[in-house]
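The values are calculated or read from the model by the stated rules, or taken from the named source; none is laboratory data. No experiment lies behind these values; they were computed from the predicted model shown. When we count neighbours, we look across all protein chains shown, and the Cβ atoms used for this are built from the backbone with ideal geometry, even at glycine.
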Amino acid sequence: MLSIFSTSLILQWSLLSLIIYLIISLIKWLQFKFNCLNCFERQSIPGPKPSFWFGNLPEYIQNPFVTLNKWSNKYGSYFGYFFGNRPILVINDRDAIYEILIQNGSKFPNRQKSDVELEPFQSSLLNQRDKAWKHARRILTPAFTAHKMSMETTRQAIDLSVKRMIESMEKKLSKNNSDELLLNITQHMNSVTLDVICRLAFNMNDTDVHEDHSSFRKMVVDFMQQSSDPTLRIIEYFPSLKNILHFLFYFFGNGKLLQTISQKLDNEISKYYQEKLRNHLEEKSAKKNNRKINILDFMIEQQELGNLNELQLIGNAVVILLAGYETTATGLSFTLYLLAKHPDWQEKLRKEILENFNDDYDYCQFDQYRSELLDCIWYESLRLYPPVISFITRQLETGIDEYHMENLDINITKNMTILVPTWEVHHNEKYWPRPNEFDPNRNDLPIPGNTNVNKNSAFQAFGSGPRNCIGGNLALSESRAVIVALLKHYQFDLIDDPNSERFTKIDSNTGLIKLRCPTVIIHPEKDIWLRVTKIC
């Protein structure tokens with residue numbers, strides 16, 4: 001009888017303790033929530049009013065591109081909103097951007113950390129924090145320098161990919177038995193940039209990416225253009241459920257696609273690594289220079305030296321694939337559209353190309369000839385249509401609780417995430433007169449050799465400061481080669497029939513292409529098609 005009474009008493013006390021614990025946890029959570037949702041109001045930072053449970057997430061996720069643009073127009077140079085529980089401080093003031101990204105970039109080394117971390121990507125270049133990121137950046141940067149991009153093997157890889165693109169276009173013209181054809185420019189740009197990445201980062205030299213029904217290209221394109229996975233949306237609303245929903249995302253959502261890509265890359269890396277090991281002793285005995293022939297070879301050597309583990313190698317390879325091809329492809333598609341829309345600029349650039357590139361000229365010999373006009377057109381296209389628009393985020397370095405921003409006279413706390421809205425900055429008439437017009441003559445474009453490149457923080461196509469885009473030099477080399485090859489052989493014109501399914505729709509308010517933004521990269525509502533005419 002006593003034993004039963006003791007057991008009952010223990011159960012009652014356990015239940016009471018659990019209730020008290022839950023009540024205390026709830027009070028602490030409510031206190032945290034209240035303090036979090038008032039962090040902007042306490043400093044009189046403007047912004048949309050958040051809901052208690054979801055912040056501003058319901059409005060934001062309806063159309064992030066449109067919503068962010070609307071808030072920027074309404075609240076001005078800085079404002080705050082809540083991505084679920086996360087306070088996001090949006091800054092589109094040029095001087096404040098310079099202060100955060102460049103002047104005090106060492107105090108803001110971190111990007112916004114995702115609530116969803118999936119192996120093998122949680123150690124990738126995108127999510128690494130503080131020392132881990134600095135280590136990986138130090139190791140990988142030499143593979144993406146301007147010198148590395150000018151090496152013969154890199155130029156050859158780009159040149160081969162460009163020539164495969166030309167061959168693909170020629171086949172379609174021949175099949176049509178005409179020197180003029182409507183071509184899907186978006187698809188061709190996706191193909192050529194993906195081909196370059198496959199060659200340089202994975203030693204894959206015989207892919208099917210230039211075929212119309214390429215399974216590999218489709219898999220990668222589908223991943224990059226899919227809207228937010230429903231599971232991820234639930235996690236953003238309820239971060240505490242992330243562990244429960246983790247496996248649902250991985251096995252049934254976009255995570256399954258990541259797993260497929262990872263396996264393919266793992267197989268390629270394994271084969272390449274085995275081949276390198278077989279040749280290692282022979283190379284040493286012959287005392288050959290162990291020149292790094294591509295990015296994959298460079299990363300494998302770093303793994304041999306103990307600077308990267310297998311997980312980091314695969315994770316960074318996936319990041320290079322997914323981030324390295326899509327942004328450049330999008331930028332090239334918009335550039336060709338703008339050249340078609342402005343035939344005077346197209347003809348001016350073509351004349352310069354034909355005067356300097358003979359029939360046998362390697363498209364990638366930029367060390368012997370560089371077109372400043374081409375660079376101006378490329379960077380103005382990136383200003384007008386920056387491919388990545390909501391990716392530049394920063395957080396305070398671990399261990400720093402607060403930072404006073406002098407330009408705006410506000411305090412940034414460790415819980416805040418700073419977001420630089422690239423689209424809004426690139427179309428701010430304070431920094432870019434006639435911001436919706438295409439003008440390659442702008443003085444502040446960051447073309448190589450421009451002394452204003454570090455002063456104008458209103459250009460953020462590749463970010464700024466210590467954590468800028470590592471692949472900027474590769475994107476520039478690719479764009480030069482592709483544009484030279486295409487304008488040398490073809491003329492591009494817009495499809496002027498508004499009733500055509502292939503007509504590029506224009507926003508009547510801005511005069512720019514109607515856009516969508518399924519993730520952080522902008523796209524036209526439909527693929528860009530142009531009328532292509534062979535000229536030589």
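Considering only region 466-478, I want to know if a residue exists there that is touching a helix residue (DSSP H, G or I) at 6+ places or on another chain (Cβ under 9 Å) and within 14 Å of residue 373 (Cα to Cα).
Scanning region 466-478 turns up at least one residue that is touching a helix residue (DSSP H, G or I) at 6+ places or on another chain (Cβ under 9 Å) and within 14 Å of residue 373 (Cα to Cα).
One residue is enough: does region 497-520 have a residue meeting the conditions in contact with a helix residue (DSSP H, G or I) (Cβ under 6 Å, 6 or more places away or on another chain) and among the aromatic types (Phe, Trp, Tyr)?
Within region 497-520, not a single residue is in contact with a helix residue (DSSP H, G or I) (Cβ under 6 Å, 6 or more places away or on another chain) and among the aromatic types (Phe, Trp, Tyr).
Just a yes or no: is a residue in region 473-489 part of a loop (DSSP other than H, G, I, E, B) and either at pLDDT below 90 or surrounded by 13 or more Cβ atoms within 10 Å (Cβ to Cβ) (or both)?
no
Report, by residue number, each residue of region 163-219 that is among the aliphatic types (A, V, I, L, M), in a loop (DSSP other than H, G, I, E, B) and touching a Leu at 6+ places or on another chain (Cβ under 8 Å).
209
Which helices (runs of 4 or more DSSP H) sit wholly inside region 32-109 and have at least 3 residues that are of a type outside the set (Lys, Arg) and in contact (Cβ under 8 Å) with a residue 12 or more places away in the chain?
64-75, 94-98
Based on what the data block shows, is residue 70 surrounded by fewer than 17 Cβ atoms within 10 Å (Cβ to Cβ) and more than 24 Å from residue 521 (Cα to Cα)?
No: the conditions fail for residue 70.
Please state which one of 508, 464, 457 is of a type in the set (S, T, N, Q) and either farther than 29 Å from residue 77 by Cα or surrounded by fewer than 13 Cβ atoms within 10 Å (Cβ to Cβ) (or both).
Step by step, each of 508, 464, 457 is checked, and only 508 is of a type in the set (S, T, N, Q) and either farther than 29 Å from residue 77 by Cα or surrounded by fewer than 13 Cβ atoms within 10 Å (Cβ to Cβ) (or both).
Is it the case that some residue within region 428-445 is touching a residue at least 40 places away in the same chain (Cβ under 8 Å), farther than 19 Å from residue 334 by Cβ and either in contact with a helix residue (DSSP H, G or I) (Cβ under 6 Å, 6 or more places away or on another chain) or surrounded by 22 or more Cβ atoms within 10 Å (Cβ to Cβ) (or both)?
Looking for residues that are touching a residue at least 40 places away in the same chain (Cβ under 8 Å), farther than 19 Å from residue 334 by Cβ and either in contact with a helix residue (DSSP H, G or I) (Cβ under 6 Å, 6 or more places away or on another chain) or surrounded by 22 or more Cβ atoms within 10 Å (Cβ to Cβ) (or both), one finds at least one in region 428-445, hence yes.
When you check residue 242 against the structure, is it over 23 Å from residue 479 (Cα atoms), among the basic types (Lys, Arg) and either part of a helix (DSSP H, G or I) or at pLDDT 85 or above (or both), yes or no?
Yes, satisfied.
Residues that are modelled with pLDDT of 85 or more, in contact with a Cys (Cβ under 8 Å, 6 or more places away or on another chain) and buried (at least 24 other Cβ atoms within 10 Å of the Cβ): does region 328-339 have at least one?
Looking through region 328-339, none of the residues is modelled with pLDDT of 85 or more, in contact with a Cys (Cβ under 8 Å, 6 or more places away or on another chain) and buried (at least 24 other Cβ atoms within 10 Å of the Cβ).
Testing residue 247 on (1) modelled with pLDDT of 65 or more; (2) in a helix (DSSP H, G or I), one condition comes back false. Which one is that?
(1)
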